[in-house]
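Trainee: Handing you a structure now.
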Amino acid sequence: MEAAMWKMVLGGVVVLLVVVALGSYGWTRLRPHEIRTEIEIEASPERIWAVLTDQRAYPEWNPFLVSSTGELREGGRLANEISNNGGTMKFEPRVLVVEPGRELRWIGNFVFPGLADGEHYFLIEPAGAGRSRFVQGERFTGALVPVAGSALDVEDGFKAMNAALKTRVETMTG
């Protein structure tokens with residue numbers, strides 16, 4: 001009888017965990033955790049794009065996305081490494097959008113889709129008179145997002161990358 005009771009309790013716990021996970025996932029689909037940063041750069045969208053997509057040069061200037069390899073094409077896979085809050089993290093996102101001079105977007109998943117997904121984007125918008133607005137952001141969804149805490153605290157890293165990109169682009173010759 002005791003074993004049957006434990007099976008019932010365990011079954012109830014599993015059902016509760018599934019309900020909580022599904023509820024959490026649904027909640028983040030309706031209300032994702034979003035981060036958006038932007039900076040104005042004295043350069044054309046094409047010039048910014050050239051620096052942004054030169055993955056081999058990231059170690060020279062990029063304090064946040066310190067390494068990125070792979071094909072920048074829709075459906076391509078990347079191997080990225082970020083440095084944030086004193087630690088590093090490696091992940092392999094799938095490229096969603098590549099519009100030269102306008103948009104680069106990918107999605108990464110923690111373990112498997114739906115657990116914790118991050119859709120990262122870079123937008124480049126003309127701002128007139130030889131200037132452009134560079135926007136970097138991410139939309140986090142998934143069952144673990146509400147409890148992820150500081151793991152999603154990347155806004156300072158985005159801002160550091162934006163500032164470094166601005167410096168790199170504006171001090172380039174040619």
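The values are calculated or read from the model by the stated rules, or taken from the named source; none is laboratory data. Here the structure is a predicted model, which means the values were calculated and not measured. So basically every Cβ, Gly included, is an ideal-geometry build from the backbone, and we count neighbours across all protein chains shown. Heads up: the accessible areas ignore ligands, DNA and RNA and are worked out on the full protein's heavy atoms, side chains in. Shrake-Rupley method; radii C 1.70, N 1.55, O 1.52, S 1.80 Å.
Trainee: Under Stokes-Einstein, with the Kirkwood radius over Cα pairs standing in for Rh, what whole-number D in µm²/s applies to region 102-146 at 20 °C and 1.002 mPa s?
Mentor: Translational D for this selection: 181 µm²/s.
Trainee: Along region 101-108, what does the Karplus equation 6.51 cos²θ - 1.76 cosθ + 1.60 (θ = phi - 60°) give for ³J(HN,Hα), rounded to whole Hz, x for Gly and Pro?
Mentor: 3J(HN,Hα) across region 101-108, in whole Hz: x, 10, 8, 10, 9, 9, 10, x.
Trainee: Mind checking the log10 I(q)/I(0) for region 26-147 at q = 0.10 Å⁻¹? Debye, one equal scatterer per Cα, no solvent, two decimals.
Mentor: The Debye formula, applied to the Cα set alone, gives -0.33.
Trainee: So, in Å, what gap is there between the alpha-carbon centers of region 124-174 and region 58-87?
Mentor: Each part reduced to its Cα centre gives a spacing of 13 Å.
Trainee: Here is a further query. Please list 3J(HN,Hα) in residue order for region 46-53, calculated via the Karplus relation 6.51 cos²θ - 1.76 cosθ + 1.60 where θ = phi - 60°; whole Hz, with x for glycine and proline.
Mentor: 5, 5, 5, 4, 4, 6, 4, 9
Trainee: If you roll a 1.4 Å probe over the heavy atoms of the protein chains, what accessible area per residue do you get for region 109-155, in Å²?
Mentor: Solvent-accessible surface per residue comes out at 45 Å².
Trainee: Would you calculate the separation in nanometres between label points at ARG73 and ARG139, each defined as 7 Å from the Cα along the Cα-to-beta-carbon direction?
Mentor: 2.6 nm
Trainee: Right, next: Is there a quick way to get the dipole size of region 84-132? I mean about its Cα centre, with the Cβ of Lys and Arg at +1 and of Asp and Glu at -1; what is the value in debye to the nearest 20?
Mentor: 120 debye
Trainee: A further question on this structure: Can you list the aspartates and glutamates whose alpha carbon is less than 19 Å from that of LYS166, not counting same-chain residues fewer than 8 positions off?
Mentor: Of all the aspartates and glutamates, those that pass the test against LYS166 - Cα under 19 Å, at least 8 places apart if same chain - are GLU38, GLU40, GLU42, GLU46, ASP54, GLU60, GLU103, GLU125, GLU155, ASP156.
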